[in-house]
Amino acid sequence: MAVLCVGAALMTGCAGNDKKDSKAPVAAGEAAVQQGVMTVATVNTDTLFAQYKMVEDVTAELEKTEKKLQADLQKQAQDFQTEYENYLKVGATMTLSEQRKKEEYLTQKRESLEQLSARYETQLVTLRLQRMEDVQNAVFEFIERYNAEHGQYTFVISNARTSGVLYSPANIDITDEVLKAINAEYAQKQKGKK
């Protein structure tokens, strides 16, 4: 659908320009958008997201959080298992009332562990979505700034495998320069945090 909208915009923008003295299309990398001419640059977002340093940091952060939650859950599961095994050893020496209370307690603890596991899983999914949205927003905001400072293209579109763009010439692809610039900016921001 987005490709159709871009195509329609390109067709209507170009069709409305009947001037005989109209200039040739702006080559990739030129800074100004000429009147009546639309310029397009592409960015391979698959490459961008795979090589953006912020993605590496976010991935490491998510893995660290996941390991921490798994370790906590595993420790609690081991504690439960120990309690359960102890109950099996001494349960026969308990009164019927004590056995019932201990079994109810162990059942509640098992259910609590299952709820904790589900809560941790939801927490991880939510954190993953939030952090990936942060990355995506950082990329989109950067491309907008980068375009204003360097390109001033009418459109910057993704030419990733799933983008719907079936072909784009290599001379309009600005992925490498965007990747270099966004990683440099991210490195500066990280230096400022230390």
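The values are calculated or read from the model by the stated rules, or taken from the named source; none is laboratory data. Every value quoted in this text rests on a predicted model; they were computed, and no experiment measured them. All Cβ positions, glycine included, derive from the backbone under ideal geometry; neighbour counts span all protein chains shown.
Of note:
Results for (1) surrounded by 10 or more Cβ atoms within 10 Å (Cβ to Cβ); (2) in contact with a Lys or Arg (Cβ under 8 Å, 6 or more places away or on another chain); (3) farther than 30 Å from Y120 by Cβ; (4) at pLDDT below 90, shown as yes or no for each residue.
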{"position": "A8", "(1), (2), (3), (4)": "yes, no, yes, yes"}
{"position": "A28", "(1), (2), (3), (4)": "yes, no, yes, yes"}
{"position": "M38", "(1), (2), (3), (4)": "yes, no, yes, yes"}
{"position": "Q74", "(1), (2), (3), (4)": "yes, no, no, no"}
{"position": "Q81", "(1), (2), (3), (4)": "yes, no, no, no"}
{"position": "Y87", "(1), (2), (3), (4)": "yes, yes, no, no"}
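- Residue in the stretch 186-193 that is loosely packed, with under 13 Cβ neighbours inside 10 Å and within 18 Å of the chain's Cα centre (by Cα) present: no
- Residue match in the stretch 180-190 (condition: touching a helix residue (DSSP H, G or I) at 6+ places or on another chain (Cβ under 7 Å), aromatic (F, W, Y) and not in a helix (DSSP H, G or I)): no
- Flag for Y105 being touching a residue at least 12 places away in the same chain (Cβ under 8 Å) and among the hydroxyl-bearing types (S, T, Y): no
- Selected residue (criterion: nearest to the chain's Cα centre (by Cα)) from residues of the stretch 80-98 that are assigned to a helix (DSSP H, G or I) and among the aliphatic types (A, V, I, L, M): L88
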